[in-house]
1. Considering only the stretch 443-463, state which residues are of a type in the set (Gly, Ala, Ser) and more than 35 Å from the chain's Cα centre (by Cα).
2. Answer yes or no as to whether Ser365 is in a helix (DSSP H, G or I), small (Gly, Ala, Ser), modelled with pLDDT under 70 and surrounded by 14 or more Cβ atoms within 10 Å (Cβ to Cβ).
3. Take the residues in the stretch 312-341 that are surrounded by 13 or more Cβ atoms within 10 Å (Cβ to Cβ), at pLDDT below 85 and of a type in the set (S, T, N, Q), then tell me which one is nearest to Lys265 (Cα to Cα).
4. Quick check on Asn260: is it surrounded by 12 or more Cβ atoms within 10 Å (Cβ to Cβ) and in contact with a Lys or Arg (Cβ under 6 Å, 6 or more places away or on another chain)?
5. One residue is enough: does the stretch 163-181 have a residue meeting the conditions among the charged types (D, E, K, R) and crowded, with 21+ Cβ neighbours inside 10 Å?
6. Looking only at the stretch 156-171, count how many residues are outside any helix (DSSP H, G or I) and in contact (Cβ under 8 Å) with a residue 24 or more places away in the chain.
7. Scan the stretch 497-513 and report the pairs whose first residue is charged (D, E, K, R) and whose second residue is surrounded by 19 or more Cβ atoms within 10 Å (Cβ to Cβ), with Cβ atoms within less than 6 Å and a gap of 6+ or a chain change.
8. Determine whether the stretch 253-268 contains at least one residue that is closer than 30 Å to Gly104 by Cβ and touching a residue at least 12 places away in the same chain (Cβ under 8 Å).
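The values are calculated or read from the model by the stated rules, or taken from the named source; none is laboratory data. Computed from a prediction, not measured in an experiment: that's the story for all the values here. Here the Cβ positions follow ideal geometry from the backbone for every residue, glycine too, while neighbour counts run over all protein chains shown.
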Amino acid sequence: MSNTAEDKTDKITASGNDGTREDIGISTDRIEVGNVLAEMEKALNDIVSDNPRISNESESGNVHLEDLKAVLEISLAINSSFILEDMLQVVMEKAVELLSAERGFIMLLDNSDNLQFKSAHNIQKEETREEHFKISFSIANRVAQTGKAVYTSDAQEDERYSSQKSVVELHLRSIMCVPLKIKNQVIGIIYLDNSSQAKLFLKSDLFLFELFAQQAAIAIHNAQLYNRLSRLKQYNEDIIQQSPVCIIVLDSNYNLVTINEASLKTFQVNKGQVNSLGMSETKSSFIDLIPDAEYVRWKKMIEPVLAGLGDFEDDRYFHNTGYEEKVLSIKISQTNSLPDQNIGVILVIEDITEKVILEKYVILSEKLVAKGEMAASIGHELNNFLTIISNNAELMQVNIDREKYDKVVHNSHQVVENVQKIKRFTDGLMDFSKLETEMVEYSIRHLMENLLFTIKPQRKFSDVELELSCVPELPDMLLDVGQIQQVLLNFLNNAVDAMKDVEEPKIKMQCGLTDDKEFIQISVCDNGSGISEENRDNIFEARFTTKDDGHGLGLSNSRKIIRNHGGDIKVESDVGKGTTFYILLPCKRQPKK
């Protein structure tokens, strides 16, 4: 509530001759101070007309324009703050000052409808502690329960109060206690008293006090609402900030409205580098948080949601921070609840990098066609895992020496994970039925991104430039994820071996549709030594190899896997320039029953 009048109509409550209360409407619709005073005066004149004994008071007890001005000034003063504790102090000080009381206190109802001591002042405007303030709780409780004011001009002679301990000990003379009400609901009470006979309260003071109490009740109620909203806002902010999931709110111009700590960590941005709503007049752009190479992809995700075309979800988004690659799960939803009431989007992003790392490195479900090939094939696949374990064990020692302990943790996880993978693989060999193809609907783009993400940390690929290019909107297809990854991994390993003497080794992977849209074509191209023409016709034969330590099963089994998917493999090679393997997979294929 500001220092100016608000657009609303409030109520004041007054006592009638028979002890009942009457509500009188007072408009506060942004009118001039003079009109406010006129309405207050009219309201009090109505009270006087309903209570003839007021007009019989001495001239000093009549309601004057000065009283109304005082109430207005006090109303402005008590509405100058939304801090409840400050508000209560001002209310108490002004009440004591307005009615020349010696003492006063405020009590508010708690959630159990019990009165709680909140503020007390004496005529010197000094705050008084509760334990030093002797009061009559019976009077306070009566006013809170009935909602009716209590008044006595001489408590020593008033048989209702003369026997009360606080009245006798403090030699109290006049007492006023009125309820604090909001829409006829009592929220507390305000109490004043005098012990001097020269400072007796008049009945006209009671009605002025009630008018003041009504203004105070509105101010206190507003402060309570403000406090609740502040606590709720802080509660929501704490939840957002402490959430392990990234929460980002953007306006329609991609400016940050909200960003939590998890988001800063995921996008590797310092808190001091961003300005969101409320932090600065100039808000940071979300575009500044993402690499230039990813701008188009993020725009394609966000724009349709802003346009009202529905939510967007991607359970595997591969994000390169510039320092490392991360796998994100993204959900984007539209919101029209921004502070400026404009449309924006909410991004809920989970960093699932660790989950992906803990997934099976490659699902080894290759068909073994003969017992004679089993041992060699098993050794070939186990060697992949052992290579990763060996490399990470070496890197662990290097990182310990360099005191890069965060990388040591990653290395140790890789060792443990691949030991577990070996165990799962050997367990799978106990049941040949597990080697059958398991077809599922899956995104080929996600499969390839996931494979590259998995192998990039390996030393074998550390000096190789890996590039992936996929046409947009590739359809999901029926495939065995582990088997297709195994085929691609064989191609990648062979490519690295063929580029040992190349200064700038590079592997380029592409994925798109054939002209007739019937097949998805995947290509793996290297700039290695190439394959001679006489060897090109034999590379898919079992046990054929040109490597000293090779067993000749990798490409043979790869072709079996692709043909089992209804596709085929082709190869093009130029000696001294490089080799390209092509995989053709049918877009539509019925699963085996």
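1. Ser462
2. On the way: in a helix (DSSP H, G or I): no; small (Gly, Ala, Ser): yes; modelled with pLDDT under 70: yes; surrounded by 14 or more Cβ atoms within 10 Å (Cβ to Cβ): yes.
It is false that Ser365 is in a helix (DSSP H, G or I), small (Gly, Ala, Ser), modelled with pLDDT under 70 and surrounded by 14 or more Cβ atoms within 10 Å (Cβ to Cβ).
3. Taking the candidates together, the pick is Thr321.
4. Values: surrounded by 12 or more Cβ atoms within 10 Å (Cβ to Cβ): yes; in contact with a Lys or Arg (Cβ under 6 Å, 6 or more places away or on another chain): no.
In short, no.
5. Yes; the residues of the stretch 163-181 include at least one that is among the charged types (D, E, K, R) and crowded, with 21+ Cβ neighbours inside 10 Å.
6. Residues flagged as outside any helix (DSSP H, G or I) and in contact (Cβ under 8 Å) with a residue 24 or more places away in the chain within the stretch 156-171 amount to 3.
7. Lys506/Asn527; Lys508/Cys525
8. Within the stretch 253-268, none of the residues are closer than 30 Å to Gly104 by Cβ and touching a residue at least 12 places away in the same chain (Cβ under 8 Å).
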